[in-house]
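The values are calculated or read from the model by the stated rules, or taken from the named source; none is laboratory data. Keep in mind the model is a prediction, meaning the values are calculated, not measured. Cβ atoms come from the backbone with ideal geometry, glycine included; neighbour counts cover every protein chain shown. When the accessible area is computed, the model is the full protein with side chains, heavy atoms only, and any ligands, DNA or RNA have been set aside. Shrake-Rupley method; radii C 1.70, N 1.55, O 1.52, S 1.80 Å.
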Amino acid sequence: MTQATDAAPGPAEAMFAGDEASRGLGIEVLEYGEGTAELRMTVSPAMVNGHGTAHGGYLFLFADTAFACACNSHGPVTVAAGADIDFVAPAHEGDVLLATARERTRFGRSGIYDVTILRGDEVIAEFRGRSRSIRTVKETR
């Protein structure tokens, strides 16, 4: 994996730079590589639901952002074809979470990626994303 730097942005960095939703929540890209990404997010008061735990939608967004960074690391614009998440333990306000994305396989224009969200050593959620690379105008002719 490589550290995020100020050098010319790679495809995942360029994609994340335009991601107002993720950056607005304070999500940070810590490391990335081909088919991998590691991101950090702190659960803010605005992310907590009526039960006093992190809203599942924010956890999904966090995992989805790590997935997006990993599947866009190869170069072609890649989007989610589908995703699932299993919530394992609650997260709370102030928790610092780490999302680690890993490519499981790529075939044709599709791929499968797993993302684990951790608080320290404790698993908070497991996410599986299915990706699809977008054809360029040149490819469709």
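Of TYR113, HIS55, PHE87, which is farthest towards the positive pole of the chain's charge dipole, taken about the Cα centre with +1 and -1 on the beta-carbons of Lys, Arg and Asp, Glu respectively?
Of the listed residues, the answer is TYR113.
For the residue pair GLU20 and THR105, what label-to-label distance in nm results when each label sits 7 Å from Cα along the Cα-to-beta-carbon direction?
Result: 3.9 nm between the two label points.
Let me know the charge dipole size of segment 74-141 about its Cα centre in debye, to the nearest 20, where only the beta-carbon of Lys, Arg (+1) and Asp, Glu (-1) is charged. Walk me through the numbers before you get to the answer.
On the way: 11 positive and 10 negative charges, 176 e Å.
Dipole magnitude for segment 74-141 comes out near 840 debye.
Multiply the residue gap between LEU30 and ILE112 by 0.36 nm, knock off their C-alpha separation, and tell me the result in nm, one decimal place. All intermediate terms of the calculation are to be shown ahead of the outcome.
Numbers: separation 82, 0.36 × 82 = 29.52 nm, distance 2.15 nm.
Net length gain for the segment: 27.4 nm.
Express the relative contact order of the chain as a whole percentage, based on alpha carbon pairs under 8 Å and six or more residues apart in sequence. Don't skip to the end; give the middle numbers.
Working: 307 pairs, mean separation 33.8, N = 141.
Worked out over the chain, it gives 24 percent.
Excluding ligands and nucleic acids, what accessible area in Å² is computed for ARG135 using a 1.4 Å probe, to the nearest 10?
In the full protein context, ARG135 sits at about 130 Å².
Report, in debye and to the nearest 20, how large the dipole of the chain comes out about its Cα centre when Lys and Arg carry +1 and Asp and Glu carry -1 on their Cβ.
Values: 13 positive and 19 negative charges, 165 e Å.
Taking the Cα centre of the chain as origin, the dipole is about 800 debye.
Mind sorting out which of [x] 49, 33, 26; [y] 52, 32, 24; [z] 35, 35, 35 is the real Cα extents along the principal axes in Å computed from the coordinates?
[y]
Starting from a Cα-only point model with no solvent, please compute log10 I(q)/I(0) by Debye for segment 38-84 at q = 0.27, 0.33 1/Å.
With one equal scatterer per Cα and no solvent, log10 I(q)/I(0) is -0.99, -1.21.
For the chain, which whole-number percentage of the solvent-accessible area (1.4 Å probe, protein heavy atoms only) is attributable to carbon and sulfur atoms?
On the way: 4000 of 7610 Å².
That share works out to 53 percent.
From the Cα gyration tensor of segment 82-141, with a ≥ b ≥ c the square roots of its eigenvalues, which class applies: rounded if a/c is under 1.5, or else prolate if a/b is larger than b/c, or else oblate?
Details: a/c = 3.46, a/b = 2.91, b/c = 1.19.
Judged from the Cα gyration tensor, segment 82-141 comes out prolate (a/c at least 1.5, a/b above b/c).
Please compute the per residue accessible area over the chain with all protein chains in place, 1.4 Å probe, rounded to a whole number of Å². Write down the numbers at each step before the final one.
Working: 7610 Å² over 141 residues.
Per residue, the chain has an accessible area of 54 Å².
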